[in-house]
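Structure, as structure tokens:
The values are calculated or read from the model by the stated rules, or taken from the named source; none is laboratory data. Just so it is clear, the model here is predicted, and its values are computed rather than measured. Every residue, glycine as well, gets a Cβ built from its backbone with ideal geometry; the counts of neighbours run over all protein chains shown.
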Amino acid sequence: MLLALAVITAGVALRQVDRWRFARRRPHAADAAHLIALQRTQANNLTPLLLLIGQWVQITGWWLLAAHSTPLTALSAVAVAVHFRHLQEISHFAVHGVLARTAPANQLLAETFAHHPLGLGPVLARRRRHVRDHHPNATLASDPNLTELRQAGLHPGTSGLTYTAALIHPLTPRGILATATGIGMHLRGPGVWHRTTAVVALPAAAYLVGGWPVLLGGFLIPRLLLYPQLAWMSLLVEHTWFDPEHRTGTPAQIEAGRCLRLYPDSGALAMVAAGTWLPYGDLHHYAHSAHPSVRWNYLPALESHLAPPHFTPDGLLIGTTTVTRRHHRALNTPAETAHPAII
């Protein structure tokens, strides 16, 4: 167990190198131009590599811990799912070209440390879907993310058990099938041999570390159930998907009408979210949507500079103003008064 804790600690330390690098001269609040200029002075290819290696070192540590007992295996399943979620979000910034200094490094790091082992498909395909198709069209009918939400059951009139099932879509039989099918689809096309090798190598490594308990709790449950649910929860809180306020003006003014900011008045809940299911700037999705070229390290400073978005809920499921309550109300607004985006 001491070895496992030492490995986890080493992984944490490796991750901090990138954090420390981008913390230098970072202001409390500033506009995007200032932050992007500062970001360029700190950009490099080494600290992002250490950051990603650190994530996998920590995953290895959790695998070693999972081999000791069933309770630790359960805890490791949650921890590994969180790390998978972190890898997804780090690679998201590589897709935007701001993880590392050069474009080849961004693509190589994202493919090697996230997309290949997790079966997320080609980075270039994700860039087209996310940067070209989603960002300019967020909450509009052509937004692929909105289409994904609708396919999961979040469409006008959804209520009761159907709505509840849609909120936990990745944990339902249909959602699990979609996750498995998605991994299979991503293994097709160019580079299939090394994509397949990476996807097979990861569960094989988990098995070698601790046999079936680690394979199950350290890979299969996190990858097929827990991580997809964490990513789904993140998607739910990115925008007021079904009743945005369509505005004109600057990018920030436009995004303020269709974004939200979760936990604006609770530092504790915000800290927990940022460390688990809304990592690496995802808690600050509004600031990211307004200026996608800003690295996650500077999004809090950018958010402090911007006027708040039109919806600042205090919870996802529990609270006075929650995201799920708003989505439900928007989906069940009478057709004659509904916003065009949800018809």
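A few comments on the model shown:
- One residue from Thr276, Thr322 being over 24 Å from Gln55 (Cβ atoms) and not hydrophobic (A, V, I, L, M, F, W, C): Thr322
- Leu302, sole failed condition from (1) more than 17 Å from the chain's Cα centre (by Cα); (2) surrounded by fewer than 20 Cβ atoms within 10 Å (Cβ to Cβ): (2)
- Annotation note: Cβ proximity below 6 Å between a residue of the range 151-168 that is of a type in the set (Val, Ile, Thr) and a residue that is part of a helix (DSSP H, G or I) and at pLDDT 95 or above (sequence gap 6+ or interchain) occurs for Thr158/Leu331.
- Selection count, the range 305-332, where residues are part of a loop (DSSP other than H, G, I, E, B), touching a strand residue (DSSP E or B) at 6+ places or on another chain (Cβ under 8 Å) and more than 22 Å from Ala30 (Cα to Cα): 4
- Taking the conditions (1) of a type outside the set (Phe, Trp, Tyr); (2) part of a loop (DSSP other than H, G, I, E, B); (3) within 22 Å of Glu89 (Cα to Cα) in turn, His155 satisfies each one other than (3).
- Residue check for Leu108: closer than 21 Å to Tyr280 by Cβ, over 17 Å from the mean Cα position of the chain (by Cα) and not charged (D, E, K, R): yes
- Residues located in the range 24-42, provided they are touching a residue at least 60 places away in the same chain (Cβ under 8 Å) and surrounded by 12 or more Cβ atoms within 10 Å (Cβ to Cβ): Arg26, Pro27, Ala29, Ala30, Asp31, Ala32, Leu35, Ile36, Leu38, Gln39
- Residues of the range 176-188 include none that is crowded, with 17+ Cβ neighbours inside 10 Å, under 30 Å from Pro334 (Cα atoms) and not aliphatic (A, V, I, L, M).
- Extreme residue, farthest from Ala205 (Cα to Cα), among residues of the range 34-62 that are under 22 Å from the mean Cα position of the chain (by Cα) and of a type in the set (Ser, Thr, Tyr): Thr47
- Remark: Ala268 falls outside the filter, which requires a residue to be in contact with a helix residue (DSSP H, G or I) (Cβ under 9 Å, 6 or more places away or on another chain), without any contact (Cβ under 8 Å) to a residue 12 or more places away in the chain and surrounded by fewer than 20 Cβ atoms within 10 Å (Cβ to Cβ).
- When residues in the range 90-111 are screened for being under 16 Å from Thr47 (Cβ atoms) and in a helix (DSSP H, G or I), 9 of them pass.
- Failed criterion for Tyr286 (all others in (1) touching a Cys at 6+ places or on another chain (Cβ under 7 Å); (2) aromatic (Phe, Trp, Tyr); (3) over 18 Å from Phe93 (Cβ atoms) hold): (3)
- Pair list, Cβ < 7 Å and 6+ apart or interchain, from the range 111-122 residues that are among the aliphatic types (A, V, I, L, M) to residues that are part of a loop (DSSP other than H, G, I, E, B): Ala114/Leu120
- Only one of Thr312, Thr324 that is in contact with a Leu (Cβ under 9 Å, 6 or more places away or on another chain), surrounded by fewer than 17 Cβ atoms within 10 Å (Cβ to Cβ) and touching a residue at least 24 places away in the same chain (Cβ under 8 Å): Thr312
- Take the conditions (1) under 19 Å from Tyr286 (Cα atoms); (2) surrounded by 21 or more Cβ atoms within 10 Å (Cβ to Cβ); Arg132 misses just one of them, which is (2).
- The range 285-307, subset of a type in the set (S, T, N, Q) and out of contact with any Gly (no Cβ under 9 Å at 6 or more places or on another chain), residue nearest to Trp241 (Cα to Cα): Ser289
- Among residues of the range 210-235 that are closer than 18 Å to Gly61 by Cβ, those with a Cβ under 6 angstrom from a residue that is surrounded by fewer than 20 Cβ atoms within 10 Å (Cβ to Cβ) and of a type outside the set (Gly, Ala, Ser), sequence gap 6+ or separate chain, pair up as Leu215/Pro203; Leu215/Tyr207; Phe219/Pro203.
- Of all residues making up the range 44-58, the number that are surrounded by fewer than 19 Cβ atoms within 10 Å (Cβ to Cβ) and hydrophobic (A, V, I, L, M, F, W, C): 4
- Residue within the range 84-104 that is more than 20 Å from Trp296 (Cβ to Cβ) and surrounded by 21 or more Cβ atoms within 10 Å (Cβ to Cβ) present: no
- Residues that are at pLDDT below 95 and either out of contact with any Ser or Thr (no Cβ under 7 Å at 6 or more places or on another chain) or farther than 13 Å from Asp243 by Cβ (or both), drawn from the range 322-341: Thr333, Pro334, Ala335, Glu336, Thr337, Ala338, His339, Pro340
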